[in-house]
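The values are calculated or read from the model by the stated rules, or taken from the named source; none is laboratory data. Note that the structure is a prediction, hence the values are computed from the model and not measured. Because the Cβ atoms are built from the backbone with ideal geometry, glycine has one as well, and the counts that use them run over all protein chains shown. When the accessible area is computed, the model is the full protein with side chains, heavy atoms only, and any ligands, DNA or RNA have been set aside. Shrake-Rupley method; radii C 1.70, N 1.55, O 1.52, S 1.80 Å.
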Amino acid sequence: DAGVIQSPRHEVTEMGQEVTLRCKPISGHNSLFWYRQTMMRGLELLIYFNNNVPIDDSGMPEDRFSAKMPNASFSTLKIQPSEPRDSAVYFCASSLWDTPGGYTFGSGTRLTVV
Amino acid sequence: AQRVTQPEKLLSVFKGAPVELKCNYSYSGSPELFWYVQYSRQRLQLLLRHISRESIKGFTADLNKGETSFHLKKPFAQEEDSAMYYCALRAGTALIFGKGTTLSVSS
């Protein structure tokens, strides 16, 4: 397995534009998590899915953020419209439901909004 | 409230010195705790979990429920240990992470 795959690796966009980040979890994993990493706040949980169903989106900062998981092998995180304060590294992670084994993280997408 | 606190943003030590990365948590249930590590330009990876009571790369961590702590220790630091370390608490399915501590080991 290639692990959790995120795309793009880097994204630079102008303020006001729509940004879509993509994640392919490990095959067979049924939980998927989106995190945002910044120097000031560390790793923040944005939203997570179990069996493609959103369970907790209380970490999504604003209505400008939305996430979907249309099937077990794909998820998107969308920001519309984007703002400079959204600049961060966005990580996707997957795991088996209720496993003590921890998560497998993707390489992250570094988003810069100018 | 569920919370993980890592009080040090940066810890600098010399090679061969002992290392202790502090982690305190707040959780009403039975805690399950982890340490993750992120080396430069690499993805986050699981270092160890308290239920396994294991030692990975010379690191150990003991859960102290009385002090609500899960400090990460290594008796002799190596330069290759330089990385960002995150303590995490499992709350339901999701992990709550601390803000992380950067460990810098110099010769």
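Before moving on, here are some points about what is shown:
- Of all segments of chain A bounded by trypsin sites (Lys or Arg not before Pro) found in a DSSP loop with no more than 13 other C-beta atoms within 10 Å, the longest spans A:42-114.
- Once divided by 2.2 N^0.38 Å, the Cα radius of gyration of chain B becomes 1.01.
- In the stretch A:13-114, the chymotrypsin sites (Phe, Trp or Tyr not before Pro) that fall in loop regions by DSSP, at most 10 other Cβ within 10 Å: A:97
- The residues of the stretch A:8-114 expose, per residue, 48 Å² of accessible area to a 1.4 Å probe.
- Contact order normalised by residue count of chain A, Cα under 8 Å, 6+ apart, percent: 37 percent
- Solvent exposure, largest accessible area first (probe 1.4 Å, DNA, RNA and ligands not counted), of B:101, A:38: A:38, B:101
- The stretch A:66-114: relative contact order as a whole-number percent, Cα under 8 Å and 6+ apart: 35 percent
- Relative contact order for chain B: 39 percent, from Cα pairs under 8 Å spaced at least 6 residues apart, divided by residue count.
- Ranking A:56, B:62, A:63 from most to least accessible surface, computed with a 1.4 Å probe over the protein chains only, gives A:63, B:62, A:56.
- Phi-based couplings in Hz for the stretch B:39-46 (Karplus 6.51, -1.76, 1.60; Gly and Pro marked x): 6, 3, 6, 10, 7, 4, 9, 5
- Simple Cβ-charge dipole of the protein assembly as shown, Lys/Arg +1 and Asp/Glu -1, about Cα centre, in debye nearest 20: 300 debye
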